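Chemist: Take this structure, written in structure tokens, and hold onto it; I'll ask about it next.
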Amino acid sequence: MDKTRRNFLYLLLLILLLCFHLVCASHKILKSPLDQNSQKFLDLIRYIITPQEEKIFQEMPPEDRGEFVTDFWRRRDPDPETNVNEFRQQYYARLAIADKAFRTGIPGRMTDRGRIYILLGPPTDVIKKSMGDATAEPQRGVRELSADLLEEGTWTERATEIWIYNQYPDYFSGPLRLVFVDYESDGDYKLTTDVEVKPFSMMTYIQSDPNMIKYQWIGEIEKEMSQPDFLPFMYYTTSIGKIEKDKEGNYAVACIFEIPFRAISFREEKDHYVYDLELSVETKNVEQKGTYGEKKEISEPLSLENLKKNIKEGHSLTEYMMVPLEKGTNRIYFSLRDNVQQKRLRKLKIIRIK
């Protein structure tokens, strides 16, 4: 968005706000309800959902979450041309094995061993040591468990398992050794190795960081390709301004969209790249059944140079809409439709005005 247009929008918003007393209404912002099925889904995929995806899922209207689940697995399908989603199939198989093999007082998937099994799959080798195993006296002054000591079988204070993975030599600079210790003698082994474990064996390229995806795309654009092999991950953020009240007792609030350029799709037109977005805000009052809708379309051609700059520097489109509210519970539906990738994403905010 150019500076002139942005200044104009700020001025328009200021004029609208001046029509109201600068007295904020007494209100409360409520979270979008998370039904039992939605919570179960989050519990099942807790180890592979990205923070960005989870935030989107939490903010969606409940009626839209079924489509999110479909897209969630589609993004991870290594071969979309087949009828089977190998990623999902393998993931649920690992969940079932983890629950059966590592269950203690909690489901096996929630234990450290269960989590690692789900993320990395079965280890190449497992070394087990029972509490008190000793083949040699430890040196005087030894106080802490050591992976080297454990592998030599010299001494263990607690029952211990060492899982060895040879599948990821490039990332871990050789075999990965994970040490689990049963501190409470209850079968719940805790991971003691200080290493960040990500689901490498359960990831596809579409799960890469959105920045990396977009930079790869820019590389393809420079090769005169008008469409990427896969589409950017669709997301945006929303916020609301202060709720204002005028002399007649009417309420209004500014609804704000922040849309990163790296999350937008573009189509090539001559020497430019064009985004084509539809934004809308709809309010519904639960008690009084009142509704209101506001919509706008935004589209702008960008040169390759400006497109690359906006993406590299993390710029976003900022759009405002002023909408009325009523006393009681107001459901505010934000909607963004990207006409290039033919996808829509809605978000829900709930405001209760006393």
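Quick note: the coordinates plus some simple rules give every number you see, no bench work behind them. Just so we're clear, the structure is a prediction, and the values are computed from it rather than from any experiment. Cβ sites come from the backbone with ideal geometry, for glycine too, and all protein chains shown count toward neighbours.
Chemist: Quickly work out the Ser130-to-Lys343 label distance, labels modelled 7 Å from Cα along the C-beta direction, and quote it in nm with one decimal.
Modeler: Modelled inter-label distance: 5.4 nm.
Chemist: Now, a different point. Hey, how many Å between the Cα centroid of the stretch 265-303 and the Cα centroid of the stretch 48-91?
Modeler: Computed from Cα coordinates, the inter-centre distance equals 24 Å.
Chemist: A further question on this structure: Taking θ = phi - 60°, what integer Hz values does the Karplus form 6.51 cos²θ - 1.76 cosθ + 1.60 yield along the stretch 83-100, in sequence order, with x for Gly and Pro?
Modeler: Along the stretch 83-100, the couplings run 7, 10, 8, 4, 4, 4, 4, 5, 4, 5, 5, 5, 4, 4, 5, 4, 4, 7 Hz.
Chemist: Using r as the Cβ-Cβ distance of Tyr92 and Asp246, and R0 as 56 Å, what FRET efficiency do you calculate, to the nearest 0.05?
Modeler: 0.55
Chemist: If I model a spin label at Glu269 and Glu63 as a point 7 Å from the Cα along the Cα→Cβ vector, what separation in nanometres do I get?
Modeler: That separation, rounded to one decimal, is 3.3 nm.
Chemist: Just to confirm a number: summing +1 for Lys and Arg and -1 for Asp and Glu over residues other than Val69 whose beta-carbon lies under 12 angstrom from that of Val69, what do you get?
Modeler: Values: positive: Lys40, Arg65, Arg74, Arg75, Arg76, Arg88; negative: Glu53, Asp64, Glu67, Asp71.
Taking every Cβ under 12 Å from that of Val69, the sum is +2.
Chemist: Still on this structure: Report, by chain and number, residues whose modeled amide H sits under 5 Å from the one on Asp276, excluding near sequence neighbours (fewer than 5 apart, same chain).
Modeler: Placed amide hydrogens put Asn339, Val340 under 5 Å from Asp276.
Chemist: A follow-up question, please. Report the paramagnetic label zone for Lys284: residues of the stretch 51-68 whose backbone N is under 13 Å from a point 7 Å from Cα along the Cα-to-Cβ axis.
Modeler: Only 61-64 pass the distance filter.
Chemist: At 0.36 nm per residue, and after removing the present C-alpha to C-alpha distance, how many nm does the segment from Arg46 to Lys190 gain when stretched out fully?
Modeler: On the way: separation 144, 0.36 × 144 = 51.84 nm, distance 1.84 nm.
Contour length minus the Cα-Cα distance gives 50.0 nm.
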